[in-house]
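J.: Just passing along the structure, written as structure tokens.
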Amino acid sequence: MVGTSSAMWIQVLFCFTQAFYSEKLNDPKCRLDSLDLRGSTLPGEAMMGLVLPLHLDKTYQQISFTEKPSKTFCTMFHLENYQMLQASVFAMEEINNDPNLLPNMTLGLQVYDSCDSPHLDLQGTLQVLTGLESAIPNYQCFLGSPLTAVLGASHSTNSIAMAHILGLTRHPQISQFSTSPLLSDRKKFPSFFRIVPSDTFQSHGLARLVLYYGWSWVGLLAADNDYGQYGIQLVKQELIKAGACVEYTENILMSQPDRNAPNIVKVIKRSTSKVVVVFCNDADLMPVLNEWLRQNVSKKILIASDAWSTTKIFSTTKFSELLHGTIGFAFSSGTLLGLKEFLNKVHPSVSFGEDWAKIFWEQTFNCTYVHDFTNSHTQRDLMLKQCTGNEDLQNIQNSYNDVSSLRSSYNAYTAVHVVANALEALKRCPHGNGPFSMSSCADEQNVMPWQLLHYMKRVRFRLNSGRELYFDENGDPPAVYDIVNWQLTAEGTLHQVRIGSYDTVSSSGEMFTVNTSSIQWAIRDHQVSRCSESCPPGFRTVAKIGQPICCYECVPCAPGEISNQTDSVACLKCPWDEWPNSENSQCLPKTIEYLSYEDSLGTTLTAISLGSFLAPITIMKLFIRHKSTPLVKANNYYISCLLLVSLSLCFLCPLMFIGYPKPKTCLLRQVTFGMTFALCVSCVLAKTIIVILAFMATKPDLWKWTNPLISYLVIFHCSFLQLLLCIVWLSLTPPFPQHNTQSKPGIIIVECNEGSSFAFWIMLGYLFLLATISFMVAFLARTLPNSFNEAQFITFSMLAFLSVWISYIPASLSAQGKYTVAMEIFAILASSWALVICMFFPKCFLILFRPEMNSREHVVRSFIIKK
């Protein structure tokens with residue numbers, strides 16, 4: 001009940017206020033007080049409001065509570081914004097003259113100069129809603145011409161204030177400049193639209209531009225308003241997220257007359273970064289640039305936001321050296337056929353907005369209308385020549401009639417066409433199938449703002465630049481920017497040249513494109529803006545303690561790791577089969593190492609092995625030829641032949657160790673080596689035992705032990721035990737080929753893993769045991785009387801055999817890769833030659849060179865003499 005009563009009383013008060021104002025307005029003696037906001041109206045059947053700053057500065061009286069508030073005087077007429085006004089009028093006339101667009105309906109325009117002031121933008125909005133020279137809240141007097149939409153404001157802060165009011169009545173608002181992300185909030189600003197993208201996209205793009213050129217150490221400068229603060233914070237977030245660092249963030253204080261310029265320039269002067277991202281408008285940047293020149297600070301690369309990237313107020317030679325090389329984001333440009341001719345037809349006597357046209361005329365031709373002298377004119381104006389009205393605009397070249405690259409004016413032109421397309425869609429509503437209640441359509445003669453808002457959200461048409469314009473759910477258009485570079489002309493002035501684009505809806509997927517070769521840079525060493533020197537490939541960055549992450553040291557990558565980019569945060573580990581090059585910048589295939597036949601060492605050992613194989617074969621042929629001689633008979637001919645055969649096999653064993661390790665060769669090579677050597681040593685042991693038994697068998701019952709069968713049983717049992725060990729080894733943990741990447745950095749050693757090193761050393765230990773027994777038995781029998789006593793030769797051969805394999809143990813443990821295999825081959829060949837030389841060379845010498853000693857007579861004679 002309380003809520004109902006309150007609402008009823010508010011409605012009663014509202015009606016009373018309307019009645020009061022209605023009565024007052026009908027009284028010719030009663031006029032509401034006005035702030036004298038300069039405005040002008042072009043009549044039409046559907047009115048549009050336009051609030052824009054034709055002046056960029058204003059003069060206030062000193063605040064006093066004892067005097068009546070005086071009028072606000074606007075100063076510094078802005079030619080570019082006046083061009084924007086004329087572009088809006090041009091678009092409106094173009095639409096009114098187009099029979100295919102809004103036939104039987106003419107557009108009208110109600111314009112107010114906000115003088116770049118938030119409260120005047122608000123005042124202009126209220127006056128547009130009222131339809132009179134004075135603002136009457138919640139009162140409309142359009143005399144049959146409904147207000148369709150309001151165009152403006154220029155700055156985000158001002159647009160926010162306007163949007164709060166226009167959102168209450170759901171009047172569509174279209175801004176040509178406002179870019180604050182706050183305005184994308186549909187709950188707070190339900191009727192706000194804009195032709196330009198949100199600063200969210202611009203901030204991301206500016207950060208990408210900085211990172212594109214590798215500038216990781218930058219300074220940030222922004223105005224302390226909604227536009228500057230939100231924009232610069234987004235840039236900062238994107239830079240930090242990408243790993244760049246911000247040296248400083250300074251604010252242009254709007255509350256101070258000097259904008260805090262002295263302190264800002266001091267910070268820039270002390271800084272080491274060479275890039276400054278500036279997020280503000282041109283008027284607020286002016287004090288900073290003047291102070292920059294006064295303190296004679298070294299040049300920097302300035303990155304401009306869209307609010308000042310294409311301004312003409314810095315085109316004078318005063319700022320040319322300072323701003324030369326500036327790179328900035330600008331609204332997408334376009335061309336308008338016929339606009340230049342339309343602009344040149346402007347004249348104070350006939351053009352829309354006579355007062356503004358006169359100010360424009362005075363500023364353009366440097367003359368004055370003295371007869372229209374008001375308080376806004378100064379004594380200097382009185383000293384100028386009088387304007388005749390016969391001056392010709394075609395002979396003047398300034399920012400007003402420059403239509404080579406339209407941006408703000410193109411946006412104003414587009415905003416008018418947005419309203420026209422929305423009205424066209426409203427008019428084409430099929431009766432009985434409309435979007436409103438009861439499937440109704442809007443009344444063309446009395447269009448409600450919320451009805452037009454419905455069609456505004458669905459506007460979609462192609463601009464004459466070729467790109468398509470539409471609005472998303474937040475009222476934002478597709479984000480497309482031009483990237484411009486400030487370049488010096490032959491006259492010494494600055495000119496903005498398009499060098500690329502940032503298109504978030506690009507069909508190719510490439511959002512960011514820049515023609516770097518066409519850029520004029522502000523400084524020579526533009527490629528470097530870092531806190532620390534760049535780390536080359538092969539190094540990684542390590543942050544300095546207590547300093548930003550961009551201040552770092554370069555540390556070489558660890559062994560086995562690379563970095564193939566500059567300023568790598570971490571090194572990448574190479575795959576197991578690759579290794580870094582000498583610069584640690586690239587992974588190359590590792591060198592594969594094994595003892596191959598093509599290797600010089602492998603070739604040498606192969607030749608030695610094959611050559612050595614012939615030695616026991618030759619000796620065996622010699623023994624076969626002289627098998628009936630006493631020397632051969634005394635040395636057990638058959639066991640000697642078996643020993644020579646096993647020795648020849650021992651000489652061939654190294655061939656299984658040479659070449660690329662394969663599963664079969666790995667499985668058999670150690671077993672083959674163990675068995676052949678077990679056979680060799682078993683034969684030696686059998687020969688030694690037979691010698692001992694032959695001299696110990698003095699009793700008849702011991703003669704049975706001299707049977708040759710005993711020696712064969714010794715050979716069989718000793719070899720069979722080795723065979724059992726090998727079978728168990730191969731059954732439980734068989735050898736296999738493997739790639740060893742740990743022993744030698746950068747090299748893959750292809751080797752045979754023995755499966756069980758314990759089994760290998762057991763096998764080798766068994767051979768060592770047999771050799772030791774043979775050595776001990778032969779050593780005991782070395783003094784036995786015999787013309788051909790082998791005990792001495794067996795003693796020396798076993799001593800050499802044991803020496804070789806005892807030396808092999810530490811040598812094999814210290815060797816790596818193919819040299820481990822070579823050491824084992826050397827041990828096999830050396831121990832085999834020890835047996836051949838010590839056991840057979842003396843016999844061969846007697847057979848070949850002392851045949852008289854290899855006779856029965858010599859043996860009998862030697863026995864008789866010893867006896």
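The values are calculated or read from the model by the stated rules, or taken from the named source; none is laboratory data. Treat the numbers as computed from the prediction; the structure is a model and nothing was measured. Every residue, glycine as well, gets a Cβ built from its backbone with ideal geometry; the counts of neighbours run over all protein chains shown. Ligands, DNA and RNA are stripped out before the accessible areas are found, and what is left, the full protein with its side chains, is counted by its heavy atoms. Shrake-Rupley method; radii C 1.70, N 1.55, O 1.52, S 1.80 Å.
J.: Which fully enclosed strands (runs of 3 or more DSSP E) of the stretch 167-249 have 1 or more residues being in contact with a Lys or Arg (Cβ under 7 Å, 6 or more places away or on another chain) and under 22 Å from Leu285 (Cβ atoms)?
T.: The strands (runs of 3 or more DSSP E) meeting that bar are 173-175, 217-223.
J.: For the stretch 751-761, state whether one or more residues are of a type in the set (D, E, K, R) and assigned to a helix (DSSP H, G or I).
T.: No, the stretch 751-761 contains no residue that is of a type in the set (D, E, K, R) and assigned to a helix (DSSP H, G or I).
J.: Which numbered condition trips up Val505, out of (1) within 30 Å of Pro197 (Cα to Cα); (2) exposed (fewer than 14 other Cβ atoms within 10 Å of the Cβ); (3) out of contact with any Pro (no Cβ under 9 Å at 6 or more places or on another chain)?
T.: Against the list (1) within 30 Å of Pro197 (Cα to Cα); (2) exposed (fewer than 14 other Cβ atoms within 10 Å of the Cβ); (3) out of contact with any Pro (no Cβ under 9 Å at 6 or more places or on another chain), Val505 comes up short only on (3).
J.: Of (1) open to solvent by less than 30 Å² (accessible area, probe 1.4 Å); (2) closer than 30 Å to Gly325 by Cβ; (3) among the hydroxyl-bearing types (Ser, Thr, Tyr), Ser465 satisfies all except one. Which?
T.: (1)
Each row is one residue, and each column tells you yes or no for (1) more than 28 Å from Arg407 (Cβ to Cβ); (2) touching a residue at least 40 places away in the same chain (Cβ under 8 Å).
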residue	(1), (2)
Trp215	no, yes
Gln237	no, no
Cys245	yes, yes
Glu250	no, no
Asp282	no, no
Gln295	yes, no
Lys300	no, yes
Asp306	no, yes
Thr317	no, yes
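J.: Assess whether Tyr248 counts as being open to solvent by 30 Å² or more (accessible area, probe 1.4 Å) and either out of contact with any Cys (no Cβ under 6 Å at 6 or more places or on another chain) or on the phi > 0 side of the Ramachandran plot (or both). Lay out the reasoning, then the answer.
T.: Working: open to solvent by 30 Å² or more (accessible area, probe 1.4 Å): no; either out of contact with any Cys (no Cβ under 6 Å at 6 or more places or on another chain) or on the phi > 0 side of the Ramachandran plot (or both): yes.
Judged against the criteria, Tyr248 is not a match.
J.: Please identify the pairs in which a residue from the stretch 553-573 that is under 16 Å from Cys531 (Cβ atoms) has its Cβ atom under 8 Å from the Cβ atom of a residue that is of a type in the set (Lys, Arg), counting only partners at least 6 apart or on another chain.
T.: Partner pairs satisfying both residue conditions: Glu553/Lys544; Cys554/Arg540; Val569/Arg540.
J.: Residues that are touching a Phe, Trp or Tyr at 6+ places or on another chain (Cβ under 9 Å), at pLDDT below 85 and either on the phi > 0 side of the Ramachandran plot or charged (D, E, K, R) (or both): does the stretch 470-487 have at least one?
T.: no
J.: So which of Asn446, Asn401, Asn421, Asn464 ends up being in a loop (DSSP other than H, G, I, E, B) and either farther than 29 Å from Ser315 by Cα or among the charged types (D, E, K, R) (or both)?
T.: Asn446
J.: So in the stretch 149-177, with the set limited to residues that are open to solvent by less than 10 Å² (accessible area, probe 1.4 Å) and modelled with pLDDT under 90, which one is nearest to the chain's Cα centre (by Cα)?
T.: Ser156
J.: Checking the conditions here, which among Leu85, Leu101, Leu56 is modelled with pLDDT under 85, open to solvent by less than 40 Å² (accessible area, probe 1.4 Å) and either part of a strand (DSSP E or B) or not aromatic (Phe, Trp, Tyr) (or both)? It would help to see each step written out before you state the result.
T.: Working: Leu85 fails: modelled with pLDDT under 85; Leu101 fails: modelled with pLDDT under 85.
From the options Leu85, Leu101, Leu56, the qualifying one is Leu56.
J.: While we're on this one: From Ala490, Ala420, Ala425, Ala442, which residue is surrounded by 14 or more Cβ atoms within 10 Å (Cβ to Cβ), more than 38 Å from the chain's Cα centre (by Cα) and free of Cβ contacts under 8 Å to residues at least 24 places away in the same chain?
T.: Ala442
J.: Considering only residues that are of a type outside the set (Ser, Thr, Tyr), buried (at least 16 other Cβ atoms within 10 Å of the Cβ) and modelled with pLDDT under 85, which ones fall in the stretch 59-77?
T.: Correct list: Phe73, Cys74.
J.: For a quick check of your reading: which strands (runs of 3 or more DSSP E) sit entirely within the stretch 265-341 and have at least 1 residues that are of a type outside the set (Lys, Arg), more than 22 Å from Gln363 (Cβ to Cβ) and in contact with a Phe, Trp or Tyr (Cβ under 6 Å, 6 or more places away or on another chain)?
T.: Numbers: elements: 275-279, 301-304, 327-331.
Hits in the stretch 265-341: 275-279, 327-331.
J.: Could you identify the single residue in Phe651, Phe677, Phe657, Phe673 that is open to solvent by less than 40 Å² (accessible area, probe 1.4 Å), in contact with a Phe, Trp or Tyr (Cβ under 7 Å, 6 or more places away or on another chain) and of a type outside the set (S, T, N, Q)?
T.: Answer to the selection: Phe651.
J.: Output the residues belonging to the stretch 342-364 that are outside any loop (DSSP other than H, G, I, E, B) and either under 54 Å from the mean Cα position of the chain (by Cα) or within 30 Å of Val210 (Cα to Cα) (or both).
T.: Across the stretch 342-364, the qualifying residues are Phe342, Leu343, Asn344, Trp356, Ala357, Ile359, Phe360, Trp361, Gln363, Thr364.
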